[in-house]
Amino acid sequence: MTNVIITGVCGRMGAAILKLALKETDLTVVGLVEAKGHPVVGKYAESLIAGAGNSLIIEDDLAKIIDEGEVVIDFTHPQSSLGYFRLARQRGKAIVIGTTGFTGDALGEIVSARDARVVISPNMSVGMNLMFDVVERLAQVMKDDYDIEVVEMHHKLKKDAPSGTAIKLKDLIESSKPDRQWIEVFGRKGILGERKKEEIGILSLRGGDVVGEHTVMFAGIGERLEITHRAFSRENFAQGALVAARWLAAQKPGVYSMKDVLGL
């Protein structure tokens with residue numbers, strides 16, 4: 001049995017994770033956290049999800065309850081997430097981080113913390129992580145005369161752009177050919193001239209209630225190869241987060257990705 005604490009429980013992902021976790025027989029939700037001043041703080045989990053019961057009270061301070069859990073699952077905002085990570089590290093607790101939009105310094109602090117136990121990934125969907133693997137392999141074998149573009153679309157309320165997943169795809173492509181002098185182009189406008197051979201384009205679309213769509217295009221002369229992942233609900237991300245929490249609870253200190261969790 002793995003005892004978990006969920007932060008940002010009123011967010012889209014936090015709520016999806018709680019709903020799914022309550023159905024699991026090998027997980028116990030022992031704590032819920034929301035931001036200070038949020039109207040649900042101090043209320044029972046039942047006020048969020050029917051069937052959650054009146055044994056869990058939503059807190060606004062992770063430090064008060066962190067010792068009750070083994071793994072913190074965090075999908076919040078970069079500043080909050082960094083604070084939760086630091087606390088989990090200090091208390092010797094594992095943490096699964098799905099938050100995106102970190103600054104370079106904040107992300108560097110997390111990925112260099114070898115004494116912590118952390119799984120960090122911009123996307124915890126099994127399908128998306130398989131796409132990461134496929135795109136990385138394709139980028140390694142594709143000739144340089146294929147132009148590469150990354151296109152992502154999310155719901156109109158998403159705050160960061162490009163998505164963390166799109167950035168991950170871009171990074172995998174660039175690292176597959178480290179000797180190439182990549183030029184990152186985030187959208188295009190105006191008379192720019194011909195596309196440079198070293199360009200990698202990243203385009204972000206926002207609208208409606210789109211959960212998440214990512215496409216990588218390898219465009220050659222007379223052909224185009226596209227790899228696309230579409231998420232139709234948040235349940236696949238939530239399931240991935242729970243898989244990561246179970247796995248991480250049994251691991252030694254280290255910084256892991258979903259590639260480690262899934263054995264890819």
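Among the residues of segment 183-207 satisfying the criterion of being in contact with a Ser or Thr (Cβ under 9 Å, 6 or more places away or on another chain) and assigned to a strand (DSSP E or B), which is surrounded by the fewest Cβ atoms within 10 Å (Cβ to Cβ)? Show your work before the answer.
Start the filter on segment 183-207 by keeping residues that are in contact with a Ser or Thr (Cβ under 9 Å, 6 or more places away or on another chain), which leaves 186-187, 204.
Of the ones still in play, those that are also assigned to a strand (DSSP E or B) are 186, 204.
Values: 186: 12, 204: 17.
So, considering only residues that are in contact with a Ser or Thr (Cβ under 9 Å, 6 or more places away or on another chain) and assigned to a strand (DSSP E or B), the one surrounded by the fewest Cβ atoms within 10 Å (Cβ to Cβ) is 186.
Residues that are among the β-branched types (Val, Ile, Thr) and surrounded by fewer than 17 Cβ atoms within 10 Å (Cβ to Cβ): find the strands (runs of 3 or more DSSP E) completely inside segment 1-84 holding 1 or more of those.
Numbers: elements: 2-7, 27-33, 71-74.
By residue number, 27-33.
Please state which one of 170, 177, 156 is crowded, with 19+ Cβ neighbours inside 10 Å, out of contact with any Ser or Thr (no Cβ under 8 Å at 6 or more places or on another chain) and either polar (S, T, N, Q) or without any contact (Cβ under 8 Å) to a residue 60 or more places away in the chain (or both).
Working: 177 fails: crowded, with 19+ Cβ neighbours inside 10 Å; 156 fails: crowded, with 19+ Cβ neighbours inside 10 Å.
One residue alone meets the criteria, 170.
If you check residue 227 against the conditions, is it surrounded by 17 or more Cβ atoms within 10 Å (Cβ to Cβ) and in a strand (DSSP E or B)? I'd like the intermediate steps shown before the answer.
Numbers: surrounded by 17 or more Cβ atoms within 10 Å (Cβ to Cβ): no; in a strand (DSSP E or B): yes.
In short, no.
None of the figures in this text is laboratory data; all of them are computed from the coordinates on show. If you're wondering where the values come from, they're calculated on a predicted model, not measured in any experiment. Backbone-built Cβ (ideal geometry, glycine too); neighbour counts: all protein chains shown.
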